[in-house]
Amino acid sequence: MRLIDGPVSPGTISEVVTKGRKNSDCGAHSLFLGQVRRDLIDEKQVKAIEYSAYEEMVIMEADKINKTILSEFDDVKTIEIIHSKGLVRAGEISLLVMVSAGHRNQASKACAKAVELIKDKLPIWKKEVFEDDSQQWKQNE
Amino acid sequence: MINWIYGPPSGGLGGEKGSKVIMEISVLFFGVLAEVTGAHRKHYRSIQSFGDLKHRIEDDFPEIIHYNFRIAVNNKIINEEPLLSHGDEIAYLPPFAGG
């Protein structure tokens, strides 16, 4: 698990995929990218999200998520999680999850489960920043 | 080995009724609560128990009671009132919103 400043760049995504390919006993990589949506709320457009995190606890909880996934899905070999902190503009990527497994079925199921656990368990907060620079705290649905 | 930086591992010193142990506790506020309190980290001295700490925080930031939050002690979310040890780190965590 890594927390990085700002968006997850195309270069970082490429690095993760390249690294995943070195797992030659894997036949499937399931990649999830979370993107900041340009929501329209009360006629105001979201231009960015400001993320903050309890970093020590994020790392500990992410480790637990890894263990949960690996124990539940025996075909999964590796899990890569990268989450942004700080400002991420609409259209940019704020979360990457890549699960590598022997076969596609467990890769995609485990990836979906990892994303749900990340949203539920990681102490990360976000504030929407609107085009007029007003801001509001946002909760996961 | 006893790690005296974080207090005795049993955690038995902090919370007993009538205990004279005086603790220093670090409190972190996140998300909306960092804004409400105007502080990310605050140190509380002369704390005798978790209840004592909670009252001190509510005295300093009365508006905090209007928000939903969970509390973590040393990175672990607690579900009941913990026994504190000198040097513990308490975190006030609003509902998570990662992803």
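The values are calculated or read from the model by the stated rules, or taken from the named source; none is laboratory data. This structure is a prediction, so every number in the text was calculated from the model and none was measured. A quick note on method: Cβ atoms are made from the backbone with ideal geometry, for glycine too, and the neighbour counts reach across all protein chains shown. Protein only, heavy atoms only, side chains kept; ligands, DNA and RNA dropped before computing areas. Shrake-Rupley method; radii C 1.70, N 1.55, O 1.52, S 1.80 Å.
Considering only A:A110, A:I59, B:G38, and ranking their Cα positions along the charge dipole of the protein assembly as shown that arises from unit charges at the beta-carbon of Lys, Arg, Asp and Glu, the one farthest toward the positive end is A:A110. For B:I77, project a label point 7 Å along Cα to C-beta. Then give me every residue of the stretch A:102-125 with its amide nitrogen under 18 Å of that point. It comes to A:113-125, nothing else. A simple spin-label model places the labels of A:I59 and B:I64 2.6 nm from each other, with each point 7 Å out along Cα-to-Cβ. Solvent-accessible surface (1.4 Å probe) assigned to A:K77 amounts to roughly 80 Å². Computed on protein heavy atoms with a 1.4 Å probe, the accessible areas place B:E24, B:E35 in the order B:E35, B:E24, largest first.
In the neighborhood of A:G91, defined by Cβ-to-Cβ distances under 15 Å, what is the net charge if each Lys or Arg adds +1 and each Asp or Glu adds -1? Within the 15 Å Cβ shell, the charges total 0. Rolling a 1.4 Å probe over the protein heavy atoms gives the stretch B:23-93 an accessible area of 51 Å² per residue. Ordering B:I64, A:F73, B:A97 by the projection of their Cα atoms onto the charge dipole of the protein assembly as shown, which places +1 on the Cβ of Lys and Arg and -1 on the Cβ of Asp and Glu, puts A:F73 at the extreme positive end.
Distance between Cα centroids, the stretch A:94-112 to the stretch B:42-59: provide it in whole Å. Centre-to-centre (Cα) distance: 44 Å. Computed over protein heavy atoms with a 1.4 angstrom probe, the accessible surface ordering of A:T12, A:T18, largest first, is A:T18, A:T12. I need the calculated FRET efficiency for the pair A:R38 and A:E116, taking r as the beta carbon distance and R₀ as 35 Å, to the nearest 0.05. The pair A:R38/A:E116 has a calculated efficiency of 0.90. Past the 30 Å Cα-Cα mark, which pairs from A:K19/A:K44; A:K22/B:K76; A:K47/A:K67; A:K47/B:K76; A:K22/A:K85; A:K44/A:K113? As for pairs spanning more than 30 Å Cα to Cα, those are A:K19/A:K44; A:K22/B:K76; A:K47/A:K67; A:K47/B:K76; A:K44/A:K113. Given 25 °C and 0.890 mPa s, compute D for the stretch B:23-93 with the Stokes-Einstein relation, Rh being the Kirkwood radius over Cα pairs; round to the nearest whole µm²/s. Answer, rounded: 203 µm²/s.
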